[in-house]
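Engineer: Have a look at this one before I ask anything.
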Amino acid sequence: MEGQLLQTYKELGASPRKALADLRTWILRKHLWVWALPVLVYFFAKHEQARVHTLVELLLGIGLVTLVARHPYKSLTILLLFLPFELITFSLLLRFGVPAQLVRGLGFWKETVLAGLAVAAFLQVRASRPKFDWVDRFVIAYAVLGLAYLVLPHLFLSNTAVGASATFYARELDWRSAVMYVAIFLVCRHLRLSRDEMETLIRRVVVLGTIIAAIGVYEFFRPSSFNHFLVATAQVPVYKAHVLHAPVGTPGNLLTYASNGHVRIGSVFIDNLTDGWYYIVISGLVMEMILRGRIRAWLIGSLLVTSLALAFTQARASIIGGGLTVLFALRSQIGRSLTQRVRMTSMVALLGLAAVPLVVFSGLGHRFVSSHQSNQGHKNGITQGLHLMARTPLGRGLSTGTGGGQTAAAKGLVSASSIFDPENQWLLVGTELGVLALVLYSGSIVGIVSSLKPRGTSAQVASVATAAGGMRNAMFGLIFGTIVAQPFLDNGISWTVFGLCGAAVGALERVQLELGEGEDTAADGVANIKRSPVSHHPSLLT
């Protein structure tokens with residue numbers, strides 16, 4: 001077959017380069033690359049002395065990547081809906097007899113799904129050939145620089161730098177929590193989801209967020225019952241100790257209590273800070289759904305439950321961020337009805353009045369008036385971070401900050417004394433990866449927020465503007481959080497936020513291109529997108 005193909009091209013006068021490109025495409029279409037798997041597995045096993053379960057995980061991973069690449073929308077939906085429940089689900093798997101080694105291997109499921117989504121995005125880019133705009137360039141530059149710090153740290157760090165002696169595994173743990181989530185935006189953006197897919201995805205995320213908020217409210221009123229489920233039924237401490245090798249603290253009590261004596265809910269995240277950031281995302285989406293559509297009872301109920309759960313986290317940064325999200329959602333913007341905005345403003349005012357007894361009952365007011373020590377800690381962390389970044393403009397290296405660095409320290413891979421917490425998301429990037437990385441990271445965030453602004457007034461644009469506008473609302477609240485905390489340390493938040501942002505921008509651009517309202521930067525992809533929508537694109541993997 002290959003010889004016939006090359007002979008045909010030779011007779012037609014086509015270039016050998018074109019013939020080889022089509023031959024490669026034909027090989028991918030026919031899945032002929034699968035025959036190379038046994039050879040790869042053999043050399044991998046011989047070189048790495050891998051065990052049987054490692055080979056099985058490798059084959060399953062390759063199969064999952066292929067499956068995800070063929071069904072990107074469904075895979076992205078599963079990824080975003082399952083992320084919040086990952087800790088409890090894997091704890092239950094271990095609890096009901098699944099071997100710890102297998103559970104540990106399954107922990108890389110999300111990275112495998114992301115690899116499949118990246119393949120799908122690459123195929124889509126190859127088919128439509130859009131031009132990368134400045135937002136893409138900032139994201140790519142930040143991801144490449146972060147990858148360089150992972151693979152070749154000595155290009156940037158002296159031998160005496162704190163992170164220079166960290167192992168590759170320790171750096172990789174931090175790279176996943178400090179760099180990878182920004183690249184997720186790029187992947188999901190170029191999936192180019194359709195209008196219907198984006199609407200369905202947002203609706204499912206909101207429903208899921210409402211359920212998580214309801215679980216958190218239950219935790220506030222029945223803390224002992226919820227703690228019993230975590231400790232005795234799901235056995236989360238056992239999973240943390242035997243699979244994650246993470247510090248457990250008090251094994252019999254996973255709840256966190258504020259100085260006022262009330263529990264600070266963490267819901268399925270088992271962390272009140274992470275829980276609060278997640279509710280900001282849901283609030284931003286719900287507000288936009290109400291302002292750009294009809295006022296539905298279930299959306300009002302979702303907003304009430306989410307707001308209640310956000311207050312019960314008693315996390316001041318996320319509560320203030322949630323308030324900013326609501327205020328930004330009420331601003332004037334194309335596609336929003338003045339009548340809806342007035343109604344929503346009145347509703348928010350009534351909720352504010354009704355929240356006064358809640359503030360007293362939950363002890364939330366005490367958190368805001370008696371946290372001088374916590375405020376001083378935030379101030380000291382930011383001040384020290386600025387001084388540290390000035391002394392080390394190229395950064396201290398991966399595995400020297402919170403997030404992945406703390407995980408590496410808990411595993412004994414790095415010294416705990418080398419970990420620095422700047423109490424600020426931006427300074428975390430600057431102290432680890434340097435000033436240039438901070439500039440690229442800042443440009444990426446600004447570009448992402450800018451690209452979420454809906455443009456156009458047609459009904460088709462308005463239908464996807466809900467997702468983009470909702471995530472823009474949430475980003476304003478989360479950006480406030482980045483000043484006094486680090487909202488993007490947890491994968492459940494960072495992957496959800498940047499995945500939804502990327503998917504929303506991609507869907508918005510696709511609709512604008514189809515209507516001829518897109519910008520010139522993506523004009524080259526108009527014809528291809530019109531001919532072959534993403535959801536029906538004849539992938540090379542089919």
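The values are calculated or read from the model by the stated rules, or taken from the named source; none is laboratory data. All figures in this text were calculated on a predicted structure; none of them were measured in a lab. Backbone-built Cβ (ideal geometry, glycine too); neighbour counts: all protein chains shown. Just so you know, the surface numbers come from the protein's heavy atoms only, side chains and all, with ligands and any DNA or RNA stripped out. Shrake-Rupley method; radii C 1.70, N 1.55, O 1.52, S 1.80 Å.
Engineer: Using a probe radius of 1.4 Å on heavy atoms only, what accessible surface per residue do you get for the stretch 133-196? Whole Å² is fine.
Structural biologist: Normalised by residue count, the accessible surface of the stretch 133-196 is 40 Å².
Engineer: At 1.4 Å probe size, with every protein chain present, just tell me what the per residue accessible area of the stretch 236-288 comes to in Å².
Structural biologist: 33 Å²
Engineer: Skipping prolines and chain starts, which residues have an amide H placed within reach, meaning under 5 Å, of the one on residue 401, given they are 5 or more residues away or on another chain?
Structural biologist: Counting only residues 5 or more places away or on other chains, the set is 420.
Engineer: Give me D for the stretch 208-338 in µm² s⁻¹, whole number, from Stokes-Einstein with Rh from the Kirkwood sum over alpha-carbon pairs, 20 °C and 1.002 mPa s.
Structural biologist: Numbers: Rh = 15.9 Å.
For these conditions, the coefficient is 135 µm²/s.
Engineer: In nanometres, what is the gap between the two model label sites at residue 132 and residue 95, each 7 Å from Cα along Cα-to-Cβ?
Structural biologist: Distance between the two pseudo-spin positions: 4.5 nm.
Engineer: Also, quick follow-up: What size of dipole, in debye to the nearest 20, comes out for the stretch 213-319 about its Cα centre when the only charges are +1 on Lys and Arg C-beta atoms and -1 on Asp and Glu C-beta atoms? Before the final figure, lay out each step's value.
Structural biologist: Numbers: 7 positive and 4 negative charges, 44 e Å.
Magnitude of the dipole: close to 220 debye.
Engineer: Gain in length, residue 158 to residue 253, computed as 0.36 nm per residue apart minus the alpha-carbon separation, to one decimal in nm? Write down the numbers at each step before the final one.
Structural biologist: Numbers: separation 95, 0.36 × 95 = 34.20 nm, distance 4.34 nm.
Stretched fully, the residue 158-residue 253 segment lengthens by 29.9 nm.
Engineer: Show me the ranking of peptides 417-429, 243-255, 497-509, 287-299 by mean Cβ neighbours inside 10 Å, starting with the highest.
Structural biologist: 497-509, 417-429, 287-299, 243-255
Engineer: Taking the Cα centre as origin and putting +1 on Lys and Arg beta-carbons and -1 on Asp and Glu beta-carbons, what dipole magnitude results for the stretch 149-227, to the nearest 20 debye?
Structural biologist: Roughly 140 debye, rounded to the nearest 20.
Engineer: Separation between the residue 446 and residue 383 pseudo-spin-labels, each 7 Å from Cα along Cα→Cβ, expressed in nm?
Structural biologist: If labels sit at residue 446 and residue 383, their model points lie 2.8 nm apart.
Engineer: Projected onto the charge dipole of the stretch 137-284 (+1 at Lys/Arg Cβ, -1 at Asp/Glu Cβ, origin at the Cα centre), which of 220, 175, 268 gives the Cα projection farthest towards the positive end?
Structural biologist: In the stretch 137-284, that residue is 175.
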